[in-house]
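Below is one structure, written out as structure tokens; the observations come after it.
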Amino acid sequence: MSGRSRHNRTKALLLAGGLGRRLRPITDTTPKCLVEIAGQPLLDYWFGALGEAGIRDVLINTHHLPEPVRRFIAKKNQQGFRVVETFEAKLRGSAGTIASNRGWANDADDVVIIYADNLSDLDVATLLAVHRDRGDPVTMLLFRAADPRACGIAQLDSDGRVIAFEEKPAAPKSDMANAGVYVVTAAAWREIAEMKSFDLGFDVLPRFIGRIRGHLHKGYHRDIGDLGALDAAREAAPLVFSRRTQR
């Protein structure tokens, strides 16, 4: 294990401001991050995972239909979380949200960054333990993609470090896809913020090549990008998350 204390303070960023155009007409009246799957809003699954890992400090970006998200945040704050909203009148991009909140990591050791439009049975505590054990600035969650051309694809060396990364490659050299979940050190968070970039995948990750460790998630992970994906997630979720509660 690294020399870090067991008492590391970890915060989280939930990227939840997306428009969800491919989920219309649902997202005409419901923000994408609050679309229900098996009776729970998508964000609730991530708050459950963060809570299990002992993470209570959460930053959420909002844009489309922010009022329902604000009501959701108010409920979570009543449940012992400390949730802060960062409203974006114009979407800043995943890296832009970090640039606009550079100070979020000032009193933290690590930050978990999550694209909240994914449904996953990820054990966040395990991911954090892997990140701290390896000691790299960035740990990227990976999954095996059925269609690598539709994803950000990583190539790893024999030690698990990312040696190449390409968004939606025409000729993929791997099926190891970016799952939209990262753990970054506070120093890496500030470095990303200083880049003043727009997108993590296109603009930031290529500049961290050699300093990112990949971690393969072998459980359930799905991007809720369109109505077909939502239907599939709604069908799978009762079984996937009943197994999780039985661990």
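Pairwise inverse Cα distances across segment 1-136, averaged and inverted, put the Kirkwood hydrodynamic radius at 15.6 Å. Simple point charges give the picture: +1 on the Cβ of Lys and Arg, -1 on the Cβ of Asp and Glu, and for segment 12-63 a dipole about the Cα centre of about 280 debye.
Using the Kirkwood radius built from alpha carbon pairs, what does the Stokes-Einstein equation give as D for segment 126-175 at 4 °C and 1.567 mPa s, in µm² per second? Diffusion coefficient, whole number: 109 µm²/s. Working note: Karplus 6.51/-1.76/1.60 with θ = phi - 60° gives segment 191-207 the couplings 5, 4, 4, 5, 5, 6, 9, 9, 10, 4, x, 7, 9, 9, 4, x, 7 Hz, where Gly and Pro are set to x.
With helices as the sole contributors, the chain gives -8500 deg cm²/dmol at 222 nm; each DSSP H run of n ≥ 4 counts as -39500 (n - 2.57), and the sum is divided by every residue.
Mind ordering 236-242, 127-133, 169-175, 14-20 by average Cβ neighbours within 10 Å, highest first?
Highest-to-lowest ranking by the protection proxy: 14-20, 127-133, 236-242, 169-175.
Report the calculated FRET efficiency for residue 82 and residue 40 (r = Cβ-Cβ distance, R0 = 30 Å), to the nearest 0.05. Rounded to the nearest 0.05, the efficiency is 0.90.
Calculate log10 I(q)/I(0) of the chain for q = 0.10, 0.11 Å⁻¹, where I(q) comes from the Debye formula with a single equal point scatterer on each Cα and nothing for solvent. For the chain at q = 0.10, 0.11 Å⁻¹, log10 I(q)/I(0) is -0.45, -0.55.
One equal scatterer on each Cα of segment 1-71, no solvent, Debye formula: the resulting log10 I(q)/I(0) at q = 0.13, 0.15, 0.22, 0.25 Å⁻¹ is -0.46, -0.57, -0.98, -1.17. 3J(HN,Hα) along segment 51-65: x, 4, 8, x, 9, 10, 9, 10, 10, 10, 8, 10, 7, 6, 6 Hz, from the Karplus curve 6.51 cos²θ - 1.76 cosθ + 1.60 with θ = phi - 60°, whole Hz, x for Gly and Pro.
Counting only residues at least eight positions apart within a chain, or on another chain, the aspartates and glutamates with an alpha carbon under 13 Å from that of residue 76 are 44, 57, 85. Relative contact order of the chain: what whole-number percent is it, with Cα pairs under 8 angstrom and at least 6 residues apart? Result for the chain is 24 percent.
Applying the Karplus relation 6.51 cos²θ - 1.76 cosθ + 1.60 with θ = phi - 60° to segment 89-105 yields 3J(HN,Hα) values of 4, 10, 4, 8, x, 4, 6, x, 4, 5, 4, 7, 10, 4, x, 4, 8 Hz, where x marks Gly and Pro.
What you get for segment 174-247, charging only the Cβ of Lys and Arg (+1) and of Asp and Glu (-1), is a dipole of about 480 debye around the Cα centre.
Stretching the chain fully between residue 175 and residue 106 yields a gain of 21.3 nm (0.36 nm per residue, less the alpha carbon separation). Once backbone amide H atoms are built at 1.01 Å from N, residue 212 has 162 as its partners under 5 Å, excluding neighbours fewer than 5 places away on the same chain.
Summarised as an ellipsoid, segment 130-247 has semi-axes of 26, 18, 15 Å, derived from the eigenvalues of the Cα gyration tensor scaled by 5 and square-rooted, with the largest first. Shown here: segment 91-148, whose C-alpha atoms stretch 36, 32, 18 Å along the first, second and third principal axes, sorted largest to smallest. Dipole orientation for segment 52-136: of the candidates 113, 125, 83, 83 has the Cα lying most toward the positive pole (charges on Cβ; Lys, Arg +1; Asp, Glu -1).
Give me 195, 176, 140 sorted ascending by neighbouring Cβ count inside 10 Å, so fewest comes first.
195, 176, 140
One decimal place: the segment residue 149-residue 130 gains 4.1 nm when fully extended, by the rule 0.36 nm per residue minus the C-alpha distance. Ranking 25, 12, 38 by how far each Cα lies toward the positive end of the dipole of segment 6-102 (charges on Cβ) leaves 12 at the top.
Overall, segment 68-109 carries a charge dipole of about 260 debye about its Cα centre when +1 sits on the Cβ of Lys and Arg and -1 on the Cβ of Asp and Glu, all other atoms neutral.
Each value in this text was obtained by applying a stated rule to the coordinates, not by laboratory testing. Predicted, not measured: the structure shown is a model, and the values here were computed from it. Glycine gets a Cβ as well: all are built from the backbone with ideal geometry, and neighbour counts include every protein chain shown.
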